[in-house]
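Reading through the structure tokens given below for one structure.
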Amino acid sequence: MAVKAAVKTRSKKKPKAKAKAKTGSRSARRTRSKATAAAGEMEKFREQLLAEQARLEEELREIERRAARADESDRANELSSYDDHPADLASETFEREKDLAIGESVEHMLHKVISALEKIDRGTYGRCDACGKSIKRARLKALPFATLCLGCQDRLEN
Ligand SMILES: [Zn+2]
């Protein structure tokens, strides 16, 4: 009876041994959390990119809607005379050209975002498309869709 009780007490005390093991496991835990941070960071980039993709797609839809509305008003205007509102027509043309330019840059941007998402899936995210070196983290944080490192980007622009 007394022995049983002793065993019970001892097994109850077991968790206290944790304190001793703590020092040993701390470095292991640090390595693990570092790996998780990298994976978590990748998820953050993915989320950022997905949000950006949604935003750009919505922008494209809005431009398309505007273009469709403009076409409609064109058709309506063809019935009346254009000469009545030359200023309106000029500004309308300007707006449309602006939309076309915006649409092009939005599409270009969307392409970059989608290719960055594909790179995350392929596990090549953060690597420069031109030289293959890794793109600086700070650059990725500012421009998660960057496909070139700063050096290659500069070379391309100049
Ligand atoms: Zn590069």
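Before moving on, here are some points about what is shown:
- Take the Cα of Ala130, step 7 Å toward its Cβ, do the same at Glu43, and the gap between the two points is 3.4 nm.
- In Hz, Karplus ³J(HN,Hα) per residue of the stretch 142-158 (6.51, -1.76, 1.60; θ = phi - 60°; x = Gly, Pro): 7, 10, x, 9, 4, 10, 10, 6, 4, x, 5, 4, 4, 4, 5, 7, 9
- Nitroxide proxy distance, nm - points 7 Å out along Cα→Cβ at Arg139 and Ser91: 4.3 nm
- Taking amide H as placed 1.01 Å from N in the peptide plane, Arg127 has its amide H under 5 Å from the amide H of Ile135, each at least 5 places away in sequence or on another chain.
- Extension gain, Ala70-Arg155: 0.36 nm per intervening residue step, less the Cα-Cα distance, totals 26.6 nm.
- Table column - 3J(HN,Hα) (Hz), the stretch 103-111, Karplus curve with 6.51, -1.76, 1.60, x for Gly and Pro: x, 5, 6, 5, 5, 4, 4, 4, 4
Quick note: the coordinates plus some simple rules give every number you see, no bench work behind them. Nothing here was measured: the structure is a model prediction, and the numbers come from that model. Reconstructed Cβ throughout: ideal geometry from the backbone, glycine too, with neighbour counts over all protein chains shown.
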